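The values are calculated or read from the model by the stated rules, or taken from the named source; none is laboratory data. In this text the structure is predicted, and so the values were computed from the model without any measurement. Don't worry about glycine lacking a Cβ; one is built from the backbone with ideal geometry, like all the others, and counts go over all protein chains shown. To get the accessible areas, we keep the full protein, side chains included, count just its heavy atoms, and leave off ligands, DNA and RNA. Shrake-Rupley method; radii C 1.70, N 1.55, O 1.52, S 1.80 Å.
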Amino acid sequence: MNKPIKTRRLSHLQSGFSLIEVMVGLVVSLLVSLVIMQVFSVFEGQKRSTSGSADAQTNGSIALYNLQRDVQLAGFALPIFSSSNSPLQCTAFIPSGTNISPVSITDGGTAAGASDILTVRYGTSDAGGSPAIISTVNPGNEVLVLNNAACKVKDSVIISKGTDCIFMQNGITSLSGTTGMVLNKPSAATINTDASLSCLGAWKAVSYSINSASQLVRSENDSNAPNVAEIVNLQAQYGISLKAEENTVDQWVNATGTTWSNPSNDNRKLIKAVRVAIVARNGLLEKETVSYPCSTARPGLCAWTGTSKSPAPTIDLSNRSNWQQYRYRVFTTIIPLRNIVWAREALSS
């Protein structure tokens, strides 16, 4: 007996997909999934590179700001604004080996991964290290000045006369009245009347360097503290003038050779600025080479264009594993030594 036509039509409509149709649908869905995953992978990689570059931008900016803030204080509280008994004229110090240079650069050399060390020295005196003339020297290491209001107990003190200087860390034991102070004098030192005495506040020697963990380290008076992460290189140069009384930077020099590795008093007074390059790294390891050495052929790790009066430092990171698979940002700036610039008349003597 034949089925009614209506029943046969319903049976045909409810028969479902064939095997071929199912397989075609699976293939199409797999292709769509593959495309979606590929797009997602590319997008995720771009997002990580972008966010990593943003982190490098932030780290580099913070590192440069922190370093610049200290360098701008170089020489503060040193009585360098008077040509009479200025400590920058001193060639003999007690204790021996005392270094009061407002800024010093230790060149890292030319080996792969070499970074410079930048050291800044300054005081924290509220009075800016205003000098006072010693009128009387009493027993018990007590000295009298016109007014001791600029000094506090435990201040560091520098006493200068001609080319001789005495430096005392935590130099004031006590104050007596408005004119007297008892000094923590080195046993080998002799204090003379008519010498200039300046209270420096807390005397700081702050150094910036790069450690093996790719961190900018700020060291203050032998205390080390990682400052900013993913900083891989630091380069610095002196900006020098032709004469001590001039403030125009005529040339940029590396802290190398007999002249600038350890500047003499006369050469130190020519230093008017510091130029710095800081290299920040994106912490994302890429799958391919994305960074190159500095060259004219392609963009690479360059600080600035070198000239005869402004040599460019070499940034070489080849000692680091897979260094070319990281992205970098180079931050550069020029920092005037304003306390030195303002004292040009005193430095000319």
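With the condition kept exactly as written, say whether any residue in the range 224-231 is touching a Phe, Trp or Tyr at 6+ places or on another chain (Cβ under 7 Å), crowded, with 18+ Cβ neighbours inside 10 Å and not polar (S, T, N, Q). Can you show your working first?
Here is the first cut: in the range 224-231, the ones touching a Phe, Trp or Tyr at 6+ places or on another chain (Cβ under 7 Å) are none.
No: zero hits.
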When (1) open to solvent by 40 Å² or more (accessible area, probe 1.4 Å); (2) assigned to a strand (DSSP E or B); (3) under 28 Å from N66 (Cβ atoms) are applied to V137, the one that fails is (3)
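Of all residues being β-branched (V, I, T) and more than 15 Å from the chain's Cα centre (by Cα) in the range 109-134, which is farthest from D70 (Cα to Cα)? Just the residue, please.
So in the range 109-134, the residues β-branched (V, I, T) come out as 110, 117, 119-120, 124, 133-134.
Keeping just the survivors that are more than 15 Å from the chain's Cα centre (by Cα) gives 110, 124, 133-134.
Details: T110: 26, T124: 12, I133: 29, I134: 31 Å.
Among those residues, the one meeting the criterion is I134.
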Conditions: (1) closer than 26 Å to A56 by Cα; (2) open to solvent by 70 Å² or more (accessible area, probe 1.4 Å). D316 meets all but one. Number of the miss?
(2)
Which ones in the range 269-300 are in contact (Cβ under 8 Å) with a residue 40 or more places away in the chain and buried (at least 21 other Cβ atoms within 10 Å of the Cβ)?
K269, I271, K272, A273, V274, V276, A277, I278, V279, A280, R281, N282
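For the range 319-349: of the residues being in a loop (DSSP other than H, G, I, E, B) and open to solvent by less than 30 Å² (accessible area, probe 1.4 Å), which is modelled with the lowest pLDDT?
As a first pass, look at the range 319-349 and keep what is in a loop (DSSP other than H, G, I, E, B): 319-322, 326-327, 337, 342-343, 348-349.
From what is left, the residues that are open to solvent by less than 30 Å² (accessible area, probe 1.4 Å) are 337, 343.
Details: L337: 94, A343: 80.
That would be A343.
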Does the range 138-150 contain at least one residue that is touching a residue at least 24 places away in the same chain (Cβ under 8 Å) and within 34 Å of the chain's Cα centre (by Cα)?
yes
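Condition check ((1) modelled with pLDDT under 90; (2) assigned to a loop (DSSP other than H, G, I, E, B); (3) within 21 Å of the chain's Cα centre (by Cα)) across all residues:
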{"site": "K272", "(1), (2), (3)": "no, no, yes"}
{"site": "I278", "(1), (2), (3)": "no, no, yes"}
{"site": "L285", "(1), (2), (3)": "yes, yes, no"}
{"site": "T296", "(1), (2), (3)": "yes, yes, no"}
{"site": "W304", "(1), (2), (3)": "yes, yes, yes"}
{"site": "K309", "(1), (2), (3)": "yes, yes, no"}
{"site": "A312", "(1), (2), (3)": "no, yes, yes"}
{"site": "D316", "(1), (2), (3)": "no, yes, yes"}
Looking at the range 49-68, is at least one residue at pLDDT below 80, open to solvent by 90 Å² or more (accessible area, probe 1.4 Å) and farther than 30 Å from Q235 by Cβ?
no
Every residue from the range 166-212 that is under 36 Å from the mean Cα position of the chain (by Cα) and among the charged types (D, E, K, R):
K185, K204
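Can you tell me which of S174, S209 is at pLDDT 95 or above and surrounded by 15 or more Cβ atoms within 10 Å (Cβ to Cβ)?
Working: S174 fails: surrounded by 15 or more Cβ atoms within 10 Å (Cβ to Cβ).
Exactly one residue qualifies, and that residue is S209.
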Can you name every residue in the range 115-134 that is assigned to a loop (DSSP other than H, G, I, E, B) and open to solvent by 20 Å² or more (accessible area, probe 1.4 Å)?
S115, T124, D126, A127, G128, S130, P131
